[in-house]
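*Asks:* Take this structure first; my questions come after.
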């Protein structure tokens with residue numbers, strides 16, 4: 001097998017056992033230990049997939065045979081690994097998960113000593129050459145320590161959020177939580193109940209496997225929307241498989257786009273002249289609203305957690321995220337935390353004494369449309385498109401990844417897919433009709 005195939009855009013993942021198996025896991029453990037100098041402490045966690053425990057055992061075996069000590073935190077969310085690395089002063093961490101993908105997939109996320117995830121280019125250049133090196137095994141065998149960090153992690157979330165939003169209880173707030181049978185199920189209900197919320201859980205049984213694809217988005221959140229309406233709940237919350245993403249349903253049962261959640265959080269975090277970092281695919285209309293209201297600066301990043309984090313550090317941002325539900329508070333941990341922001345938003349609503357639907361009405365109206373366009377050579381198409389956009393004297397907002405520009409009262413982001421011969425297109429305006437009028441012409445600019 002060509003092992004480079006499992007090095008994806010944002011993490012390492014593949015089909016089990018064809019692409020990811022115990023042998024591969026051992027090699028990754030051995031190689032990561034060697035990359036870190038064959039010593040130190042590594043935090044390891046895993047999700048609930050059937051293959052995860054076996055893969056974890058093999059990865060740990062590789063780590064200790066190469067000389068590293070291992071802190072095994074067991075079943076965990078991805079951000080629990082990142083948080084543990086930072087707070088236990090470990091030298092790195094590994095989470096065994098395939099995030100929002102189905103059961104037949106699995107993989108690895110590698111963390112740095114400050115809780116940041118490693119970029120894939122760095123791992124390809126430095127880890128890949130070590131995977132087949134037979135000389136890595138160390139005469140000193142590392143030790144394994146089991147560490148139950150859940151209570152400390154929960155206390156840390158509550159403490160940080162109460163510093164931001166005050167110590168107001170969630171008493172009287174009815175919340176529906178959909179765990180998608182994933183790792184958010186082990187902590188999110190506990191945190192909310194500890195703050196005295198009335199929590200109704202759906203799909204939180206970890207023994208049932210994924211009842212549906214563990215990826216919260218409008219199409220997969222119909223069940224929680226219905227439950228919110230049926231129970232007259234204040235809001236619904238859903239996390240993906242490893243709980244590094246969180247999305248919401250308001251008190252009217254309506255799906256809340258992640259763009260809006262980013263703005264609600266940023267409005268609380270940011271002050272005048274401070275920076276926040278958002279990925280390019282965020283709503284331009286909401287960005288403009290935030291900048292005008294808070295007199296802050298929004299810095300655009302390429303799509304992907306690693307890129308958002310690096311820009312947050314570069315620009316000393318107080319908050320960052322992506323509209324697919326990834327959000328991070330750098331003072332909690334430099335990785336996206338679904339459980340943290342699953343607690344943050346109800347706490348913010350309690351502080352403001354508002355319903356989520358009321359908060360949404362304070363935002364400007366906008367319509368967002370997404371489309372994939374097949375192209376035999378997306379990168380060449382983007383180069384030609386950029387030339388056309390400049391010929392048309394459009395206002396260019398970014399060329400970080402493809403091109404983001406304004407044309408005919410609409411904003412367009414067109415970029416090459418990282419995995420397929422497709423162009424990803426996002427069009428946004430005040431209403432659907434405005435988007436359609438500009439969209440037809442812009443698509444003609446792309447040479448199919």
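*Asks:* Would you list the P(r) distribution for the stretch 367-445, with all Cα-Cα distances sorted into 5 Å bins from 0 and each bin expressed as a whole %?
*Replies:* 3, 17, 30, 27, 17, 7, 1
*Asks:* Please compute the Kirkwood hydrodynamic radius of the stretch 234-298 from all pairs of different C-alpha atoms, in Å with one decimal. Can you show the working numbers first?
*Replies:* Values: mean 1/r = 0.0776 Å⁻¹.
For the stretch 234-298, inverting the mean 1/r across all distinct Cα pairs yields 12.9 Å.
*Asks:* Starting from the Cα coordinates of the stretch 77-159, work out the convex hull volume and express it per residue in Å³.
*Replies:* Value for the stretch 77-159: 146 Å³ per residue.
*Asks:* Taking the alpha-carbon centroid of each part, what is the distance from the stretch 158-197 to the stretch 369-410 in angstrom?
*Replies:* The two parts, judged by their Cα centres, are 41 Å apart.
*Asks:* Also, I was wondering about something else. So what are the three principal axis dimensions of the stretch 3-148 from its Cα atoms, in whole Å, longest to shortest?
*Replies:* So the extents along the principal axes, rounded to whole Å, are 36, 33, 26.
*Asks:* Rank 79, 240, 250 by mean-square fluctuation in a GNM of the chain with C-alpha springs under 10 angstrom and give only the top-ranked residue.
*Replies:* In this elastic network of the chain, the residue with the biggest mean-square fluctuation among 79, 240, 250 is 250.
*Asks:* What are the principal axis extents of the Cα atoms in the stretch 152-360, in Å, biggest first?
*Replies:* On the principal axes, the stretch 152-360 reaches 44, 35, 33 Å in Cα extent.
*Asks:* Work out how far the C-alpha atoms of the stretch 182-271 reach from end to end along every principal axis, then list the three figures in whole Å, largest first.
*Replies:* Extents along the principal axes: 44, 27, 24 Å.
*Asks:* Name the shape class, rounded, prolate or oblate, that the alpha-carbon gyration tensor gives for the stretch 66-113, where a ≥ b ≥ c are the square roots of its eigenvalues, rounded holds for a/c under 1.5, and otherwise prolate holds if a/b is larger than b/c and oblate otherwise.
*Replies:* prolate
*Asks:* Then there's this: Mind pulling up the Rg/Rh value for the stretch 123-235? Radius of gyration and Kirkwood radius, both on Cα.
*Replies:* Here Rg/Rh amounts to 1.16.
*Asks:* Follow-up. Please state the shape class of the stretch 140-188: rounded when a/c is under 1.5, otherwise prolate if a/b exceeds b/c and oblate if not, all from the C-alpha gyration tensor. Each step should come with its number before you reach the end.
*Replies:* Details: a/c = 4.18, a/b = 1.70, b/c = 2.45.
The shape class here is oblate.
*Asks:* Wrap a convex hull around the Cα atoms of the chain, take a quarter of its surface area, and give that in square nanometres.
*Replies:* Orientation-averaged projected area of the Cα hull: 20.9 nm².
*Asks:* Take the Cα atoms of the stretch 316-438, build their convex hull, and give its volume per residue in Å³.
*Replies:* Roughly 151 Å³ of hull volume per residue.
*Asks:* For Cα pairs less than 8 Å apart in space and 6+ apart in sequence, what is the mean separation divided by the residue count of the chain, i.e. the relative contact order in percent?
*Replies:* Relative contact order of the chain: 12 percent.
*Asks:* When the chain is modelled as a GNM with alpha-carbon springs shorter than 10 Å, which of 129, 214, 378 fluctuates the most?
*Replies:* Comparing 129, 214, 378 in a Gaussian network model of the chain, the most mobile one is 129.
*Asks:* Still on this structure: So what is the calculated 222 nm ellipticity per residue for the chain, using -39500 (n - 2.57) for each DSSP H run with n of 4 or more, over all residues, to the nearest 500 deg cm²/dmol?
*Replies:* On the way: 14 runs with 159 residues, N = 448.
Result for the chain, helices only: -11000 deg cm²/dmol.
*Asks:* In addition: Of the residues 84, 357, 347, which exhibits the maximal mean-square fluctuation in a Gaussian network model of the chain defined by a 10 Å Cα contact cut-off?
*Replies:* 357
*Asks:* Let me check against my output: what whole-number percent is the relative contact order of the stretch 152-360, with C-alpha pairs under 8 Å and at least 6 apart?
*Replies:* Reported relative contact order: 21 percent.
Where a number appears in this text, it was derived from the coordinates with a stated rule and is not lab data. Keep in mind the model is a prediction, meaning the values are calculated, not measured.
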